[in-house]
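One structure is given here, and the rest of the page talks about it.
The values are calculated or read from the model by the stated rules, or taken from the named source; none is laboratory data. Values in this document were obtained by computation on a predicted structure and should not be read as measured data. Note that we place each Cβ from the backbone using ideal geometry, even for glycine, and neighbour counts take in every protein chain shown. Surface areas here come from the heavy atoms of the whole protein model, side chains and all, with no ligands, DNA or RNA. Shrake-Rupley method; radii C 1.70, N 1.55, O 1.52, S 1.80 Å.
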Amino acid sequence: FFLVYQPTFNLRDMSPTGVEALIRWKHPTRGIVQPSDFIPLLEATGLIIEVGGWVLQEACRQGASWRRSGHDIGMAVNVSGRQLDTDEFVNDVRSALVETGLEPRALTLEITETTLMHNIEETAHRLTAIRELGVRIAIDDFGTGYSSLAHLQQFPVDALKIDRSFVCRLTQAHEGAALIHTLVQLGKALSLETLAEGIEQQQELSILQEEQCDSGQGFLFARPMDAGAIETFLQTWASGAAPIPRVTADDRLASARSS
Ligand code: C2E
Ligand code: MG
Ligand code: MG
């Protein structure tokens, strides 16, 4: 197994805010296997607990190293429901932070909406313990599960990651824009950061900026990259040469005013 990292951006000024760690499997004959092809098997066999523990350690180690080099970025790690089924997980998170020296506020754990709604009481209890460490919690693939709004308020959550399926529909139909508007407003009403996943087109970015969605991630800006490529990307950014389209929400406002 190895990790690749996909940057996330502040949609106001297009500065990088962090990276999401994404697992890959280097198979001896099949080449590089994507997580959708092996995570279900790891979950079914319970191996996800061990592998997820490794992901957490490795991502924290890498995040701490980048931060020590002066890059003020966060690290997001995906967590499977199986990992959240035991109290051990809270200890694993604490140890990963202590052993790697990553500041808790630089770590975000991503939990899908479906996972959150399973075993609600226990999950809420464990997430509260994790958040007390100072770690951030994001709901992944938001909008695709069935979270009741009442429960949403009860979970200690910091961010909503709006599922890619909503972003894809943005330019296709009027309803697409209405749904994004509603999801971003829901996040704002609950004082949560909103992050849009899977931004591929400039037009999608423009609408999300108009809606004042806080952050974004997608192939328009950057694909998942290995650690070396992320370092080059961060250095290019820090040196002032823009590795991504640097059209900020403020630029857009200015050009709208002048036209
Ligand atoms: P996710 O957490 O929602 O991760 C985002 C996925 O969307 C990634 O796919 C990423 O490559 C893809 N993506 C990002 N931007 C775009 C875009 O603009 N267009 C398109 N078409 N796709 C985009 P990936 O890496 O294949 O991961 C798939 C899922 O596998 C993740 O979805 C996550 O649920 C799971 N996963 C990945 N790594 C881990 C891990 O370490 N542990 C666990 N439990 N699950 C993981
Ligand atoms: Mg994720
Ligand atoms: Mg997602």
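A few notes on this one:
- Taken over segment 208-224, the residue count meeting the criterion of being assigned to a loop (DSSP other than H, G, I, E, B) and either within 16 Å of ligand 2 (Cβ to nearest atom) or under 27 Å from VAL4 (Cα atoms) (or both) is 10.
- Residue count for segment 80-91 under the criterion of being within 20 Å of the chain's Cα centre (by Cα), surrounded by fewer than 21 Cβ atoms within 10 Å (Cβ to Cβ) and part of a helix (DSSP H, G or I): the result is 1.
- The residue pairs whose first member lies in segment 180-207 and is part of a loop (DSSP other than H, G, I, E, B), whose second member is among the basic types (Lys, Arg), and whose beta carbons are closer than 8 Å, counting only pairs six or more residues apart or on different chains, are GLU197/LYS161; GLU197/ARG164; GLY198/ARG164.
- The residue that is modelled with the lowest pLDDT, among those in segment 71-104 that are more than 29 Å from GLN235 (Cα to Cα) and among the acidic types (Asp, Glu), is ASP87.
- Within segment 106-131, considering residues that are within 16 Å of ligand 3 (Cβ to nearest atom) and part of a strand (DSSP E or B), the one most open to solvent (accessible area, probe 1.4 Å): THR112
- Meets criteria (over 23 Å from VAL77 (Cβ atoms), within 16 Å of ligand 1 (Cβ to nearest atom), of a type in the set (Val, Ile, Thr) and at pLDDT 90 or above) for ILE180: yes
- Within segment 132-146, none of the residues are in a helix (DSSP H, G or I), within 15 Å of ligand 1 (Cβ to nearest atom), within 17 Å of the chain's Cα centre (by Cα) and more than 23 Å from GLU103 (Cβ to Cβ).
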